[in-house]
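The structure appears right after this line, and notes come after that.
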Amino acid sequence: MILSAQSVNKQYDRRVVLRDCSITVNTGQCSLIRGPSGCGKSTLLRILALLEQADSGTVMHGNLSWDASQQNGSPAYPFLTLVFQQLFLWPNLTMRQNISIALTHDENGFLGKPAMEMLERFNILPVLDQLPHKCSLGERQRLAIARALLSDARFLLLDEPSSALDRANRSVLVEELRRVLANDRGVLLITHDERGFDGIVDESFELENAQLRRF
């Protein structure tokens, strides 16, 4: 199964951010995109997730294909899920409720053993009953990532997933992503972390001057 963008173009006013950009990610594969801040990396993820229209191009989710320039009402989930840099945790819900409502559609839903074991590996069990604003940025980021990992999505799109993680927690993240890939799910990462994900990355790209190049 594939997640793909082909010949995508996007500009804001007169500033071109994506010019004829193409990328394909297969299940069981991890692809990584690097590039300067503000170059359009997050925009490309949003287009892939059907959250933003391109000026032209095509997006494919498996056998389904869309004109990327047309407004699309089709939900991307459960084909893919996207973890934004902003994390988007509900501020009025505890950390436990934030993950329960996403996984069980009930803020007080039961979190099973696999979920609790992953949360333990991410070292966020001690803060599960805290509101997000009482937790560190790293704890909030790890919860948002765990929420995506525990979802049913076939593809995970992660925008700077290690930005608030120390080396130990980044290593935990890498091992969790290794498990995801072994279960035939796909991963697309945006990161400024030069070497942290090298052990799991199958294909690397650089987005610069609006052009996406493999390196």
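The values are calculated or read from the model by the stated rules, or taken from the named source; none is laboratory data. Note that the coordinates shown come from a computational prediction; the quantities given were computed from them, not determined experimentally. Here the Cβ positions follow ideal geometry from the backbone for every residue, glycine too, while neighbour counts run over all protein chains shown.
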Original post:
Could you say whether any residue in segment 142-159 is surrounded by fewer than 18 Cβ atoms within 10 Å (Cβ to Cβ) and more than 27 Å from Thr104 (Cβ to Cβ)?
Top reply: no
**OP:** Report yes if Asp106 is modelled with pLDDT of 95 or more, exposed (fewer than 14 other Cβ atoms within 10 Å of the Cβ) and more than 30 Å from Lys41 (Cα to Cα), otherwise no.
**Re:** no
Subject >> Ser100 being surrounded by 15 or more Cβ atoms within 10 Å (Cβ to Cβ), hydroxyl-bearing (Ser, Thr, Tyr) and without any contact (Cβ under 8 Å) to a residue 24 or more places away in the chain >> reply: yes
**OP:** Specify which of the listed residues (Ala54, Ala5) is within 22 Å of Phe155 (Cα to Cα), among the small types (Gly, Ala, Ser), in a loop (DSSP other than H, G, I, E, B) and at pLDDT 95 or above.
**Re:** Ala54
Original post:
In segment 1-54, what residues are out of contact with any strand residue (DSSP E or B) (no Cβ under 7 Å at 6 or more places or on another chain) and over 20 Å from Thr81 (Cα atoms)?
Top reply: Tyr12, Asp13, Arg14, Arg15, Val16, Ser37, Gly38
Original post:
Going through segment 87-131 one residue at a time, which ones are in a loop (DSSP other than H, G, I, E, B) and in contact with an Asp or Glu (Cβ under 9 Å, 6 or more places away or on another chain)?
Top reply: Trp90, Leu93, Thr94, Phe122, Asn123, Ile124, Gln130
